[in-house]
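Chemist: Here it is, the structure, as structure tokens.
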Amino acid sequence: MNNQDYIEVDFRTLISILWKGRILIVGITALFSVIAVLFSLSLPNIYRSEALISVVEQGQDSPLSGLSSTFGGLASIAGINLQAGSGSKRDIAIETLKSRTFISDFININELKPLLIGVEGWNAEKNELIYDSEVYDIENNIWVREVSYPKTKTPSDLEAYRYLIKENLSISEDEDTGFIRVSIKHYSPYIAKRILDSLINSINNKLRMIDIEEANKSVVFLQSKLKETKNVDIRKIMFDMIEGQVQNQMLAEVRDEYVFKTIDPAIVDEVKFSPKRAILSIMGAILGFFIAVFSLLVFFIYKRQK
């Protein structure tokens, strides 16, 4: 193709084309704006409940931490590892909160599958959830959705876990302060707050029960070792360790916010989190404008070539 075959459109020509097609541009832009507005209005409101929490560090204050540095070598002779379980409670707590096992158990215990997957909206005036009749029959409390493999009519634990993690739950950690923001999104702001409060309580109870069980096992183990040991120094270490485990048990049983302490609690939000209808409308108008301009230029070039 020779250079003569190329069509060059200078700035004045471009302005002329746009001016001549101004009615078309305005029309297409308005059409896309209306479509964007209607689409945004068809989307249900989503509300978010957020809480700011911190991890209560226990490792440095543990009665066993001093024993580990002072009598670690002596205790190892008796077959006792004072370093066991001394990993970061913070890391364990955060990863447990995100874990599939904990989240799946949390969903099942609180019967959240219908609230997460079966709901399609919320009536703010009546404060009533709107269930998708093609997914969940609320009157009979049964799943009626039609799905293809690998999904099943009743959502699996894995599907519910992925839905909560990807669509509803957000966990972010501030690297500077170490504080953690946990948020839940839902059609109902009341349900969002309820789920978030229950989630924080559940993870505290979960970690509490784990530590109590481990402390009980440690006490039983130490008591059995105590019967076999005659060395006075090692027996003293064992008594101190048993005392430390008992203190850990007492701490776990009496403190409500065992691992995660709430700094700023969740609230029932009055303002929707999404959709951003104004932004969607503006984006629709911009898209319509560019499509109109592009169409005019293509038509002009095609006409000139003919």
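Read-outs: derived from the displayed coordinates by stated rules, not from any lab. Predicted model only: the values in this text are computed from it and were never measured. As a convention, Cβ positions derive from the backbone with ideal geometry for all residues, glycine included, and neighbour counts pool all protein chains shown.
Chemist: Tell me, in nm to one decimal, what length is gained between TYR302 and PHE39 on full extension, where the rule is 0.36 nm per residue of separation less the Cα-Cα distance?
Modeler: The span from TYR302 to PHE39 would gain 91.3 nm if fully extended.
Chemist: What does the net charge come to around LYS217 if you take all other residues with beta carbon closer than 14 Å to its beta carbon, with K and R at +1 and D and E at -1? Could the numbers behind the result be given before it?
Modeler: Numbers: positive: LYS225; negative: ASP211, GLU213, GLU214.
Result for the neighbourhood of LYS217: -2.
Chemist: Neighbouring Cβ atoms within 10 Å as the yardstick, rank TRP19, TRP122 fewest first.
Modeler: On the way: TRP19 9, TRP122 20.
With the sparsest Cβ surroundings first, the list reads TRP19, TRP122.
Chemist: SER148 versus LEU52, label points 7 Å from Cα toward the beta carbon: distance in nm?
Modeler: A separation of 4.7 nm, rounded to one decimal place.
Chemist: DSSP H helices in the chain with Cα extent of 24 Å or more along the helix axis and mean Kyte-Doolittle hydropathy at least 0.0? Before the final figure, lay out each step's value.
Modeler: Numbers: long enough: 22-42 (30 Å, 2.24); 189-228 (59 Å, -0.17); 232-254 (33 Å, 0.15); 277-305 (42 Å, 1.63).
Going by DSSP H runs, the hits are 22-42, 232-254, 277-305.
Chemist: Now, a different point. Identify all lysines with a Cα-Cα distance to LYS303 below 18 Å; exclude those on the same chain that are fewer than 8 residues away in sequence.
Modeler: Output for LYS303: LYS20.
Chemist: Would you report the distance distribution of C-alpha pairs in the range 170-278 as whole percents per 5 angstrom bin, up to the bin with the largest distance?
Modeler: Cα pair-distance distribution for the range 170-278, in percent: 2, 10, 15, 13, 12, 11, 9, 7, 6, 5, 3, 2, 2, 1, 0, 0.
Chemist: Considering every Cα-Cα pair within the range 44-274, what fraction, in whole percent, is farther apart than 23 Å?
Modeler: Values: 15545 of 26565 pairs.
So the portion of pairs separated by more than 23 Å is 59 percent.
Chemist: Add +1 for every Lys or Arg and -1 for every Asp or Glu among the other residues with Cβ under 14 Å from the Cβ of MET238, and state the total.
Modeler: Values: positive: LYS225, LYS227, LYS230, ARG235, LYS236; negative: GLU228, ASP233, ASP240, GLU243.
It works out to a net charge of +1.
Chemist: Right, another one. Can you sort LYS230, LYS151, LYS166 so the residue with the fewest Cβ neighbours within 10 Å comes first?
Modeler: LYS230, LYS166, LYS151
Chemist: What is the list of residues in the range 181-207 whose amide nitrogen lies under 20 Å from a point 7 angstrom out from the Cα of VAL268, following Cα to Cβ?
Modeler: Within reach of a label on VAL268: 183-201.
Chemist: Which of the residue pairs LYS206/LYS227; LYS166/LYS193; LYS185/LYS206; LYS126/LYS206; LYS98/LYS193 have a Cα-Cα distance greater than 26 Å in the structure shown?
Modeler: Listed pairs above 26 Å: LYS206/LYS227; LYS126/LYS206.
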